[in-house]
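The values are calculated or read from the model by the stated rules, or taken from the named source; none is laboratory data. None of the values given here were measured: they were computed from a predicted structure. FYI the Cβ positions are ideal-geometry reconstructions off the backbone, even for glycines, and counts take in every protein chain you see. To get the accessible areas, we keep the full protein, side chains included, count just its heavy atoms, and leave off ligands, DNA and RNA. Shrake-Rupley method; radii C 1.70, N 1.55, O 1.52, S 1.80 Å.
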Amino acid sequence: MTAFVPSYVALLESGELQERVKRAYAGLESCEWCPRRCRVNRLAGKLGVCHTGELARVASYGPHYGEERPLSGWKGSGTVFFNRCNLRCVYCQNYEISQSDEGMEVTPEQLAQIFLRLQAMGCHNINLVSPSHVVPQILAAVYLAAQAGLRLPLVYNTGGYDALEALQLLDGVVDIYMPDMKYADSASAHQYSGAKDYPRVNRAAVREMHRQVGDLQINARGLAERGLLVRHLVLPHGLAGTRAVMTFLAQEISPRTYVNVMGQYRPEYLASRFPLLNRRVTLEEVHKAREEARRAGLIHLEE
C-alpha cells in the first residue's frame, strides 16, 4: 500500500508554497481574501468584518472525536478553532468562538507548532475550523510546519463563504475540503447570516473545491485522505432549501459527493429573535431532508 503524502509537500519542494505565502500576505494590504472584500490594510492593524488583523487568533485546539467518521477515526481529528468568522449566523452554535476575540493571537511559527503537536498526539488530520479569513496565516504556518515534518492531510472546515481567489491559493495545499452549504436562496442567507450573495458565492466555491480535489477518497483504514465532504444543516420550516442544495450537488458537482445532512439544529445565540428559527428541527424534518438527498441521486450520505 502506497504511503499517503499530503498535497502541500510537492509545493514545498518546488518552492511554490513559499511563493503562495508571499502573495497571500501581499494581499493583506488591501484584503479581498473573502467575499466581503473589505479592502482594509490588515498588516497595519486595520480590521474589517472578520475583526482579524495580521495575526490569526486561535480559540482552542486538540483531538476531536465528534467529526464525520472518515475524519475522526479512532485517534481524533486535529481541530484548530479560529476566532471570528466572515459570516454572521444568528443561530451559530459556536458563537462564543465565531463572534468573539477570546482566543490567543498566534504567529505563523506558533500556529505551525500547534499543527506539529496535533500530529505528535496521533491525530489523523489537521482540521482548520472557520479558516476563510486567515488563509495567508494558514499558508505561512503550513510552510513552516511542512519543513519541520508535518505530513497530515489538511481539512478546510468552512462555512462555505469563500472567495475563489483564496481557494486558488489553496490549490495543491488543502487535501480535504469540508464546506457548509447553508442556504439555497439569498433572502434566508441575508436575514440569518448577513450574506445576501451566499448561495452564488457558495456554489462557485464548492465547484472550485471539487475541481481541485474531486470526490472524497477513503483509504483501507476508513480514513479520508483527499476530496470534498459537504455539510448541510437542516433548519426549521425548510429554511435551508435542502432540496435545491441536494439537486445542485447531485447534478452539478457529483452524485458521489459525500454529504452529511445534519439534524442537530437548536436555537442558539440570537435565534430566539427570529420566530421561524426559535425551535429545534423535528425528526420528520430531518428524515425528509435526508430522503430529499437520496431522491436527488446522492449515494454517499453520512448516517
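Residues of the range 152-173 include none that is touching a Leu at 6+ places or on another chain (Cβ under 9 Å), acidic (Asp, Glu), at pLDDT 95 or above and assigned to a helix (DSSP H, G or I).
Looking at residue 160, is it touching a Lys or Arg at 6+ places or on another chain (Cβ under 8 Å), farther than 23 Å from residue 3 by Cβ and open to solvent by 10 Å² or more (accessible area, probe 1.4 Å)? Write out each step before concluding.
Values: touching a Lys or Arg at 6+ places or on another chain (Cβ under 8 Å): yes; farther than 23 Å from residue 3 by Cβ: yes; open to solvent by 10 Å² or more (accessible area, probe 1.4 Å): no.
The answer is no for residue 160.
Restricting attention to the range 185-200 and to residues that are open to solvent by less than 20 Å² (accessible area, probe 1.4 Å) and among the polar types (S, T, N, Q), the residue that is nearest to residue 235 (Cα to Cα) turns out to be 188. Take residue 293 and tell me if it is small (Gly, Ala, Ser) and surrounded by 14 or more Cβ atoms within 10 Å (Cβ to Cβ). Considered against the rule, which asks whether it is small (Gly, Ala, Ser) and surrounded by 14 or more Cβ atoms within 10 Å (Cβ to Cβ), residue 293 comes out as yes.
If you go through the range 30-57 and keep only what is in contact with a helix residue (DSSP H, G or I) (Cβ under 8 Å, 6 or more places away or on another chain) and closer than 19 Å to residue 170 by Cα, you end up with 31, 32, 33, 34, 35, 54, 55, 56. Give the residue that is most open to solvent (accessible area, probe 1.4 Å), with candidates limited to residues of the range 83-115 that are in contact with a Gly (Cβ under 8 Å, 6 or more places away or on another chain) and part of a loop (DSSP other than H, G, I, E, B). Once the filter is applied, the top-ranked residue is 88. If you go through the range 24-44 and keep only what is surrounded by 13 or more Cβ atoms within 10 Å (Cβ to Cβ) and either free of Cβ contacts under 8 Å to residues at least 24 places away in the same chain or more than 21 Å from residue 130 (Cα to Cα) (or both), you end up with 29, 30, 31, 38, 40, 41, 42, 43. Scanning the range 116-128 for residues that are crowded, with 24+ Cβ neighbours inside 10 Å and in contact with a helix residue (DSSP H, G or I) (Cβ under 8 Å, 6 or more places away or on another chain), which turns out farthest from residue 15 (Cα to Cα)? Per the criteria, the residue is 124.
Residues that are in contact with a Pro (Cβ under 9 Å, 6 or more places away or on another chain) and open to solvent by 40 Å² or more (accessible area, probe 1.4 Å) were ranked within the range 1-23; the one that is farthest from residue 143 (Cα to Cα) is 4. Those residues that are of a type in the set (D, E, K, R) and within 23 Å of residue 266 (Cβ to Cβ), I need them from the range 74-93; list them, please. Hits for the range 74-93 are 84, 88. The set of residues in the range 87-110 being without any contact (Cβ under 8 Å) to a residue 60 or more places away in the chain, more than 14 Å from residue 130 (Cβ to Cβ) and not charged (D, E, K, R) consists of 104, 106, 107, 108, 110.
The residues of the range 64-79 that are open to solvent by 50 Å² or more (accessible area, probe 1.4 Å) and touching a residue at least 40 places away in the same chain (Cβ under 8 Å), listed by number, are 64, 69, 75. Just so you know, in the range 59-95 the residues that are at pLDDT 95 or above and among the aromatic types (Phe, Trp, Tyr) include one that is farthest from residue 159 (Cα to Cα), and it is 74.
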